[in-house]
Amino acid sequence: MSSRPGSRGRRGSGRPNQHGKSSFFTGTRERIRPVTIKQTIFDAICFGYLLTIALAVITGVTEDDVEARLLPESWVVSSFLTAKEEAPKNQLPYAFVVLALTALGASLSIGINRAGFQTLGGFLFESPDKKARLDTEGPAKTWWKTTWGIQTIITFLVTFAAAIVVTEFSLYEIFSSDGFEGARRVFSSLATPNFAILPMAVLAILETIFMAFLATVLAVPAAFILSFFCAKNLMGQTKIGFAVYTFLRALLNITRSIEPLIWAIIFSVWVGIGPFAGMLALMLHTVASLAKLYSELVESIDDGPVDGILATGAGPLQVVWFAVVPQVILPYISFTIYRWDINVRMSTIIGLVGGGGIGTLIMQFQGQARWHEVGTLALVIVLTVWAMDVASAYIREAIK
Amino acid sequence: MICPTIRGNETGQPFCPLMTHDQGGCHDGNRAGVRLRRDFPPLSRRRVHLIALNLPRALSTMAKNCRGVVFRRKAHTLTAKQLSIRNLAKRFSGDIHALRSVSFDVEKGEFLVIIGLSGSGKSTLLRCINHLHEPTGGQILLHGQDITRPRTAERRQLRSRVAMIFQQFNLIGRHTVLSNVLMGALGRTGTLKSILGLFSAQERKRALEYLDLVGIADKANIRADRLSGGQQQRVAIARALMQKPEILLADEPVSSLDPATCHVVMDYLKKINRELDITILCNLHFLDLVRRYARRVVALREGILVFEGDPKEIDQEWFRRIYGEETQDVHIE
Ligand SMILES: Nc1ncnc2c1ncn2[C@@H]1O[C@H](COP(=O)(O)OP(=O)(O)OP(=O)(O)O)[C@@H](O)[C@H]1O
Ligand SMILES: [Mg+2]
């Protein structure tokens, strides 16, 4: 689609409106916004998403009946595909609709930018020097009066509304008497713990704490070393360095985006159910997240000392040791302690899938609906986590 | 070669920066040019343009119009210099020409001061010399030897011969003063040894001597970030000396110090220049400091060398050429 108002936006048609005249339609933004790939992709997804939801609302289609209602059988592609099984037969046309709407979004984005208004994509992916140049040209508008501001608001509101529909948000369910009664029963049992199993609970939580401790301690050296390879300011200088950086970043992001719970399931198949599997899962996740946190610290260091050390003729390792490490060591320690704290909390969860420790115990009692015992375990967990939290806060404060 | 250094200034009064070398034009690493009379008439814009387009013809035209003589210097007369910068250029990504074409020579034991507006490329020039930035054009010669594109090992070796101090001191705040000075020896200490802190007793002794030289031996075991700015800069000087350099680059060494401390630090620089015979290239902003300490001055403007000579020669007229017309009300003296 070409939504160019007049011929004003055409590239190469000279400076638009050199006399500073401005009408309502042309607006005061008399400059052609450059169209880049990144911004178009972003806007295509954003507009495509909005258009898809709009279409879904108009046609009254919901998540559940995504099967049948949107398009008639005469839809070109669907008739071509109907021969196969039931379920996926109408899925493909939907994909096509979404793709078409995304493409529409892309052209919408290009059109709007060409017309001299800045879309959200344009705003986000504008190169900094261009930004500086354009910003000096006129008084800035309040953000919510700009095109990208309006786009942001609409996207947010639509997403909020969609989220309420999709999560089946219902006040009625919360206050219904049946559900309320059940919750009250469980809570009252939890509130009257059975202290007979206390020794068992303490042993289990010790196992959990050791698991968290070992996972953290084993993860720290790996994360420490990886962090320097994942820091753009150290690795971005050479081509090989940048390749290593990109590869490691991707690998760690993937590792990190898989929850420890999933890793625990994988490892319990691998090394058998028990604390070892839980520890491995925690460790892997800890390496990935610590390496990311650490490397961000490395990226935010002051370049001055690095220059100072480089200027003495020091080698790369010496630069890292003398200029980088002193700047990051305290935050490293504080992050590590914080991470141990997180790991203690997480390892109780990991226990739920057979990762050992107190989580496994909870699973057993909960399966038998022995809520009094579960109450004891919950109490032990609460106390431990609270103690860890306080301790870690104190330690982090002390070394600041 | 087209000389990129020729351009008019803002007032439309064309000036020719290449006139500044011995009042004569010079190109291609000072090897050819026009030597002009001292009171050469201002060049017209057209002629300046011409020079840029056709160098040989422009040179002879210039010689005729300005009653100068064309000269050709022999290359070897220049290589005896300790440091020669030839047409040095540095372009940053985003098409920022920090240095366009800078040529000058430095002799051993000199105290050379580089002046110029903020953003004129002074820091870039110094950082190119010890390869904290890689130059994108031109040449740097150290004792006649081309060091423009060193390999990794050579670069480290070069950096330990050419020390540098910075405006922000760039010490390692969490280490002691002594250990900061010892870091000057990193270039010739093995990686593992230095990381384990195994500097030889002799190095330690030297470090203390240099601390003594800059007058803060008593602070040797204090954390470096506990010192005042002036003291930190003196530690930085000691660290630089620890490298046993032949050249010391100082990038605005006193810009974050008060006027009194300024002189203390500058006096130490002067002292090491005189007593240890270390060549100093120093960026400065204040002309009174320049007059007091510089033996020779070069001035940069937008990445071009616009003045080279004695600090006393910088009169009101030159001041305006270097710093731009709008600063004419600033009183120098
Ligand atoms: N790392 C860099 N990347 C991109 N541009 C740079 C970089 N360093 C300097 N520049 C640019 O190069 C030009 C010269 O900068 P430089 O720091 O050499 O100026 P300067 O004369 O030292 O100024 P000052 O007196 O403020 O220190 C400036 O326009 C600056 O923006
Ligand atoms: Mg500078």
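The values are calculated or read from the model by the stated rules, or taken from the named source; none is laboratory data. Computed from a predicted structure; not experimentally measured. All Cβ positions, glycine included, derive from the backbone under ideal geometry; neighbour counts span all protein chains shown.
Close contacts from region A:357-385, counting a first residue that is assigned by TED's automatic domain parsing to the domain that holds residue A:272 and more than 20 Å from residue A:209 (Cβ to Cβ) and a second that is of a type in the set (Gly, Ala, Ser) and surrounded by fewer than 18 Cβ atoms within 10 Å (Cβ to Cβ), with Cβ to Cβ under 8 Å and a gap of 6+ residues or different chains, come to A:371/A:189; A:372/A:189; A:375/A:189; A:375/A:191.
Listed by position, the helices (runs of 4 or more DSSP H) contained in region A:292-370 that have at least 2 residues being among the hydroxyl-bearing types (Ser, Thr, Tyr) are A:325-351.
When region B:210-246 is filtered for residues that are away from every other protein chain (no Cβ under 14 Å) and either buried (at least 18 other Cβ atoms within 10 Å of the Cβ) or of a type in the set (S, T, N, Q) (or both), the ones remaining, listed by number, are B:211, B:213, B:214, B:216, B:219, B:220, B:221, B:227, B:228, B:230, B:231, B:234. Looking only at region B:247-259, residues that are within 14 Å of chain A (Cβ to nearest Cβ) and either among the hydroxyl-bearing types (Ser, Thr, Tyr) or within 16 Å of ligand 1 (Cβ to nearest atom) (or both) come to 7 in all. Within the set B:161, B:188, the sole residue that is within 12 Å of another protein chain (Cβ to nearest Cβ) and within 18 Å of residue B:249 (Cβ to Cβ) turns out to be B:161. Selection of first residues in region B:81-94 that are buried (at least 21 other Cβ atoms within 10 Å of the Cβ) and of second residues that are β-branched (Val, Ile, Thr), restricted to Cβ pairs under 7 Å at least 6 apart or on distinct chains, gives the following pairs, ordered by first then second residue: B:83/B:106; B:83/B:247; B:85/B:102; B:85/B:140; B:88/B:102; B:88/B:140; B:90/B:124; B:90/B:136.
Scoring residue B:149 on the criteria (1) under 27 Å from residue A:322 (Cα atoms); (2) among the charged types (D, E, K, R); (3) within 14 Å of chain A (Cβ to nearest Cβ) leaves a single failure, condition (3). When region B:91-109 is limited to residues that are more than 16 Å from ligand 2 (Cβ to nearest atom) and touching a helix residue (DSSP H, G or I) at 6+ places or on another chain (Cβ under 8 Å), the one that is farthest from residue B:298 (Cα to Cα) turns out to be B:94. Number of residues in region B:263-292 that are more than 14 Å from chain A (Cβ to nearest Cβ), within 16 Å of ligand 1 (Cβ to nearest atom) and outside any loop (DSSP other than H, G, I, E, B): the value is 5.
Scanning region B:240-256 for residues that are in contact with a strand residue (DSSP E or B) (Cβ under 8 Å, 6 or more places away or on another chain) and assigned to a helix (DSSP H, G or I) returns B:240, B:241. Which one of these does residue A:125 not meet: (1) under 25 Å from the mean Cα position of the chain (by Cα); (2) modelled with pLDDT of 90 or more; (3) not aliphatic (A, V, I, L, M)? The number of the failed condition is (2).
Would you confirm whether or not region B:129-142 contains a residue that is assigned to a helix (DSSP H, G or I), of a type outside the set (Ser, Thr, Tyr) and within 16 Å of ligand 2 (Cβ to nearest atom)? The answer is yes; a qualifying residue exists. Scanning region A:281-306 for residues that are aliphatic (A, V, I, L, M) and farther than 18 Å from residue A:224 by Cα yields A:281, A:306. The requirement of being within 14 Å of chain B (Cβ to nearest Cβ), surrounded by 24 or more Cβ atoms within 10 Å (Cβ to Cβ) and in contact with a Gly (Cβ under 8 Å, 6 or more places away or on another chain) is satisfied by residue A:313. When region B:98-140 is filtered for residues that are near ligand 1 (Cβ under 8 Å from one of its atoms), more than 13 Å from the chain's Cα centre (by Cα) and within 25 Å of residue B:153 (Cβ to Cβ), only B:133 remains. Considering region B:225-239, and only residues there that are over 17 Å from residue B:178 (Cβ atoms) and assigned to a helix (DSSP H, G or I), the residue that is nearest to ligand 2 (Cβ to nearest atom) turns out to be B:229.
Determine if region B:164-173 includes at least one residue that is assigned to a helix (DSSP H, G or I), buried (at least 21 other Cβ atoms within 10 Å of the Cβ), under 17 Å from the mean Cα position of the chain (by Cα) and within 16 Å of ligand 2 (Cβ to nearest atom). No, every residue in region B:164-173 fails to be assigned to a helix (DSSP H, G or I), buried (at least 21 other Cβ atoms within 10 Å of the Cβ), under 17 Å from the mean Cα position of the chain (by Cα) and within 16 Å of ligand 2 (Cβ to nearest atom). For region A:283-299, the criterion of being over 28 Å from residue A:381 (Cα atoms), out of contact with any Leu (no Cβ under 7 Å at 6 or more places or on another chain), within 14 Å of chain B (Cβ to nearest Cβ) and not hydroxyl-bearing (Ser, Thr, Tyr) is satisfied by no residue at all.
Filter region B:141-171 down to the residues that are out of contact with any Leu (no Cβ under 8 Å at 6 or more places or on another chain) and within 14 Å of ligand 1 (Cβ to nearest atom) and list them by number. Within region B:141-171, B:166, B:167, B:168 meet the criteria. Of the residues in region A:223-239, at least one is loosely packed, with under 15 Cβ neighbours inside 10 Å, closer than 30 Å to residue A:322 by Cα, at pLDDT below 90 and of a type in the set (Val, Ile, Thr).
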